[in-house]
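Coordinate-derived values only; no laboratory data. Here the structure is a predicted model, which means the values were calculated and not measured. Quick reminder, even Gly has a Cβ in these numbers, built from the backbone with ideal geometry, and neighbours come from all protein chains shown.
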Amino acid sequence: MTSNKKKLRVGLFGFGTVGRGLYDLLKAIPSRQVEIARVCVRDISKNRHVTDLEFTDDADDIFNDDSINFIVELIDDAEASWHIVRRALEQRLPVVSGNKKMLARHLPELIELQQCTGTALLYDASACGSIPVIRNLEEYYDNDLLISVKGILNGSSNFILSKIFNEGMPHGDALTLARKLGFLESDPTLDLDGWDSLYKLVILTMHAFGVYVEPERVFTFGITCMSDADIRFAREKDRRIKLVGHVEKLPDGRLMMSVMPHLLSRNKYIYSVEDEFNGVVIKGAFYYKQFMFGQGAGAKPTSSAVMSDITACLYDYRYEYKKLHGHNIPHFTNDCTLRIYMRFSADSQLERIGFEEITEEYRSLDQRYVVGRVSLANLHANMEFIRSEGMFVMAYPEN
């Protein structure tokens with residue numbers, strides 16, 4: 001193990017909410033082993049009210065600086081992030097990344113690069129903010145006993161839903177408040193339409209089950225189309241709406257994944273996860289369920305996760321991806337059924353989805369909905385249709 005007297009001179013890419021948060025953290029709790037040597041930003045003319053850092057808009061200024069021995073990438077451009085992280089690994093510079101979209105789309109290549117160069121890439125900060133889910137899946141749940149990982153993976157959407165259900169705040173007002181507090185991505189559809197949760201779920205699935213699933217193969221639906229009627233239905237059933245990422249190994253060894261709103265009853269662990277917090281339930285064959293809880297959005301929790309990754313690299317920690325080489329790797333499928341609530345406006349929409357069974361139905365002049373069982377494959381095939389038609393879908397788990 002490397003001595004803890006090792007010193008990291010960090011080349012930082014990005015000085016937005018999380019990048020600035022990392023700077024503030026190091027000012028509040030100075031480290032003799034970690035210092036930010038230089039920061040690369042898109043707009044160097046912007047006044048960031050920082051006088052003790054050197055800024056540049058040229059990545060070469062960082063990669064050609066021999067004194068820099070560590071890269072931290074915290075930008076929201078997935079394509080630019082990919083080029084930065086790849087270049088860092090090719091130059092054998094350990095790197096920490098927080099860009100979950102880039103990671104979810106390039107995990108196989110990044111794993112191969114790490115193996116070829118013997119260089120570490122850490123990204124616990126990319127999934128669930130301050131909760132060390134990835135490292136726990138790597139180190140503690142490193143066997144075939146794991147059954148499922150399920151939870152609230154996006155603190156921004158959870159903050160909005162909490163304000164709606166706890167304070168009766170209108171959807172638009174809750175969205176405005178979340179943006180004001182810095183909880184939303186620069187593109188809010190990443191949070192509200194479920195894409196942020198999807199990218200995190202893809203990453204967690206790799207570490208939980210050793211399976212890489214392309215994001216396009218997973219049914220993903222968010223809360224953008226949620227209406228007052230849907231909120232009223234949840235309250236009538238004494239449930240709450242939460243945006244949930246879910247991966248589960250089925251009894252026959254196949255693996256299902258989805259990101260969608262869930263109608264949760266009070267006996268579920270994540271029912272009471274509020275505001276910008278995340279909650280993850282890990283279920284195993286013999287240890288039943290374990291629950292992890294923590295802040296999932298905002299500068300401080302995410303920058304603290306980045307700092308945890310940096311500190312781990314001081315000791316040459318790296319992900320081993322042990323489950324990639326397991327004997328019972330499950331195969332991804334959408335060929336399974338689930339109970340859902342679906343609001344629709346025309347019978348043709350209902351027919352297109354193809355319910356296998358309808359157990360509850362309601363029709364009035366201003367609202368139509370059904371509850372029943374449907375194939376996840378059908379939902380995935382009609383994902384863009386459901387979104388474009390302004391329909392709304394929620395998983396409705398049995399108690």
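Each pair of Cα atoms in the stretch 142-237 enters the Kirkwood radius, and Stokes-Einstein at 4 °C and 1.567 mPa s then converts it into a translational diffusion coefficient of 87 µm²/s.
Please check which bits of the stretch 263-277 a label hung off residue 360 would reach, taking the label as a point 7 Å along Cα-to-C-beta and the cut-off as backbone N under 16 Å. Counting backbone N atoms under 16 Å from the label point, the list is 263-267.
Summary value for the stretch 90-187: 20 percent relative contact order, contacts being C-alpha pairs under 8 angstrom separated by 6+ residues. Within the straight-line cut-off of under 18 Å between alpha carbons, the lysines reachable from residue 289 are 150, 249, 268, sequence neighbours fewer than 8 places apart in one chain being disregarded. Charged side chains reduced to their Cβ positions (Lys and Arg at +1, Asp and Glu at -1) give the chain a dipole of some 1020 debye around its Cα centre. Placing unit charges on the Cβ atoms only, positive for Lys and Arg and negative for Asp and Glu, gives the stretch 261-399 a dipole magnitude near 400 debye about its Cα centre. Residue by residue, the stretch 78-86 carries 3J(HN,Hα) couplings of 5, 5, 5, 4, 4, 5, 5, 5, 4 Hz when phi is fed to the Karplus relation 6.51 cos²θ - 1.76 cosθ + 1.60 (θ = phi - 60°); x denotes Gly or Pro.
Compute the Cα gyration tensor for the stretch 1-71, then decide on rounded, prolate or oblate, letting a ≥ b ≥ c be the square roots of its eigenvalues: rounded whenever a/c is under 1.5, prolate when a/b is larger than b/c in the other cases, and oblate in all that remain. Oblate, because a/c is 1.5 or more while a/b does not exceed b/c. Here the sum of -39500 (n - 2.57) over DSSP H runs of 4 or more residues, divided by the residues of the chain, equals -10500 deg cm²/dmol at 222 nm, to the nearest 500. Working from Cα positions, state the angle (0 to 90°, nearest 10) between the long axis of helix 100-117 and the longest principal axis of the chain. Around 50 degrees separate the two axes. Inter-label distance, residue 24 to residue 380: 4.1 nm, where each label sits 7 Å from its Cα along the C-beta direction. Per-peptide packing, taken as the mean over residues of other Cβ atoms within 10 Å, places 139-151, 379-391 in the sequence 139-151, 379-391 from highest down. Based on the Cβ-Cβ distance from residue 57 to residue 320, what FRET efficiency comes out when R0 is 51 Å, to the nearest 0.05? The value I calculate is 0.90. Oblate is the label for the stretch 186-261. Its Cα gyration tensor axes, ordered a ≥ b ≥ c, give a/c of at least 1.5 and b/c at or above a/b. If R0 is 25 Å, the Cβ-Cβ spacing of residue 229 and residue 267 corresponds to a FRET efficiency of close to 0.50.
Can you check what the net charge comes to around residue 325, using other residues whose Cβ is under 13 Å from the Cβ of residue 325 (Lys, Arg +1; Asp, Glu -1)?
In short, -1.
Taking the centroid of alpha carbons for each part, the stretch 26-58 and the stretch 159-189 are 30 Å apart. Per-residue 3J(HN,Hα) values for the stretch 219-231, derived from phi via the Karplus relation 6.51 cos²θ - 1.76 cosθ + 1.60 with θ = phi - 60°, read 5, 9, 8, x, 10, 4, 8, 4, 10, 4, 5, 5, 5 Hz in sequence order (x marks Gly and Pro).
Based on the Cβ-Cβ distance from residue 327 to residue 50, what FRET efficiency comes out when R0 is 51 Å, to the nearest 0.05?
0.50
Tilt of helix 171-180 relative to the longest C-alpha principal axis of the chain, in degrees (0 to 90, nearest 10)? Approximately 0 degrees, to the nearest ten.
For the stretch 243-335, relative contact order (Cα pairs under 8 Å, six or more residues apart, normalised by length) works out to 28 percent.
I need the peptides 280-290, 245-255 ranked by packing, meaning the mean over residues of other C-beta atoms within 10 angstrom, with the highest value on top. All intermediate terms of the calculation are to be shown ahead of the outcome.
Details: 280-290: 15.1, 245-255: 17.6.
For the peptides 280-290, 245-255, the packing ranking is 245-255, 280-290.
Tell me whether the stretch 339-384 comes out rounded, prolate or oblate; compute the Cα gyration tensor, take square roots of the eigenvalues as a ≥ b ≥ c, and use a/c under 1.5 as the rounded threshold. Verdict is oblate for the stretch 339-384.
Within the chain, what percent of beta bridges assigned by DSSP are antiparallel, to the nearest 5?
Antiparallel bridges: around 65 percent, rounded to the nearest 5.
Taking 8 Å as the Cα distance limit and 6 or more residues as the minimum spacing, I'd like the relative contact order of the stretch 1-79 as a percentage.
43
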